[in-house]
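Have a look at the structure below, then the notes.
The values are calculated or read from the model by the stated rules, or taken from the named source; none is laboratory data. Quick caveat: nothing in here was measured; it's all calculated off a predicted structure. Here the Cβ positions follow ideal geometry from the backbone for every residue, glycine too, while neighbour counts run over all protein chains shown. Side chains included, ligands, DNA and RNA excluded: accessible areas come from the protein's heavy atoms. Shrake-Rupley method; radii C 1.70, N 1.55, O 1.52, S 1.80 Å.
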Amino acid sequence: MEKVILVGVNTSKSTAIFAEEIEECKRLCEACNYEVIEVILQNLDTVDRQTCVGSGKLIEINELCEKLEIENIVFYNNLSPLQISNIAAICNCDVFDRTGLILTIFSIRARTREAQIQTEMARLRYELPRLIYSDNHGDQQRGGSGVKNRGKGETSLELKRREVERRISNLKKELKALQTQTNIQKAQRIKSNLPMVALIGYTNAGKSSLMNALLKINHSQEDKQVFEKDMLFATLDTSVRRVQFASGKEFLLFDTVGFVSNLPLDLIEAFKSTLSAIKEADCLVQVFDSSSTQIEYHEIATMDVLKKIEANQLPILNVYNKCDLIDERTKNDGIYVSTKTNEGIEELLKRIEEMVYPTTEEMECIIPYSDLSIIQMLKQTSTVEFLKDEDKGRRIRVVCSKDVAEKIIKYSVGEENE
């Protein structure tokens, strides 16, 4: 692993929250295969517009880089192109900020072509102003005030801008083509009439582990399991699996990308198609790491992303994962589970069923033999009891949701027809 120095400037956050975010930034570094060997922190009213940290602190950072032979500095704070350029020039090191780290992780972890395109688009949008500034700043450093010299700089700037914008345009076209297939799959999901449930929450809360625990209860094949690992942003692509309740009813379960505080806007914009699965859901299962000391902070960060994608009005079930790691359970607004011991998993399924099938109606129907495919749909979404075959069709008794009842009302047998 490459050795790095982590620098953080706190301007307004509480000591506890700032400490938590610095620890999170350390883990982001680890996810990029960086080893943090020194952490330098500073409290300021406002960050320095030129170098983020104060001049004295920057001298300290430069001396430490020389002493430890450090070639990379990571800043907890998001930096402007000017700040990155100035810090790099003074310390003779490569400089990364928090957004750059997250983009690097996404680039490493993206598996599907869609995720790769979304990540590259976000990275290009992030790098464009920095490339432009670097180009201009480089011309200034080379000196010269003649028109000829400025013209070369302007030409180089235009070429870079056009190249990046052309690449973004091509990626948008490719993404649009891929999303045509995604839209077909989306239409098929809607046509299935199955409720949709999305797992959401802070990164590394255990969403993928929870999904696998729910699949194991359903005795799903091993190839249906989703990727899980104890690291930030292990999952970038939305995975969808069909899960069955004990009653026989089914639902579609989505595993989504983890959230993080101050998730870069470019990433939210780039991953809108992936995050749209959250907006389509009938309810959200918000997963927390119950062993974390910053649950409330994580919830604020999650709700912030939900608001940005306009999904904050959906019903939410709170799930406190990793309860095997804690001694005291203080939350009473959700359910405690452990994907290691399977505690609470069956209870969670019952709670989800209550949310997605909240009210039921009992109906007796005669399904014409020409429409028997309706019965297959009902078996997936409702409780079906076969009564008998008649001349007009198959008589069944159905316990179903109000939405399903409205779809099959034309087949119902009223008392007046008996």
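Points worth noting:
- Shape of segment 255-392, Cα gyration tensor, a/c cut at 1.5: oblate
- In this rough spin-label picture, where each label sits 7 Å from Cα along the Cβ direction, the V39-R113 distance is 4.3 nm.
- Contour minus Cα-Cα distance for E299 and D94 (0.36 nm per residue): 70.4 nm
- Judged by the gyration tensor of its Cα atoms, with axes a ≥ b ≥ c, segment 369-418 is oblate; a/c meets the 1.5 cut and b/c is at least as large as a/b.
- Residues K173 and F386, FRET efficiency given R0 of 56 Å [Cβ-Cβ distance, rounded to 0.05]: 0.65
- Once the Cα-Cα distance is subtracted from the 0.36 nm per residue extended length, the K307 to S370 segment shows a gain of 18.1 nm.
- Solvent-accessible ranking of K176, K160, largest area first, probe 1.4 Å: K176, K160
- Centroid-to-centroid, using Cα positions, segment 237-260 and segment 7-64 are 38 Å apart.
- Counting heavy atoms of the protein chains alone, T359 has an accessible area of about 80 Å² for a 1.4 Å probe.
- Those aspartates and glutamates that a straight Cα-Cα span of less than 19 Å connects to K249, excepting residues fewer than 8 apart in one chain: D282, E346, E347, E353, E354, E361, E362, E364, E385, D403, E406
- D_trans [Stokes-Einstein, Kirkwood Rh over alpha-carbon pairs] for segment 1-95, 4 °C, 1.567 mPa s, µm² s⁻¹: 97
- Cα-Cα over 29 Å, subset of K176/K407; K160/K308; K350/K407; K279/K350; K173/K379; K57/K308: K176/K407; K160/K308; K173/K379; K57/K308
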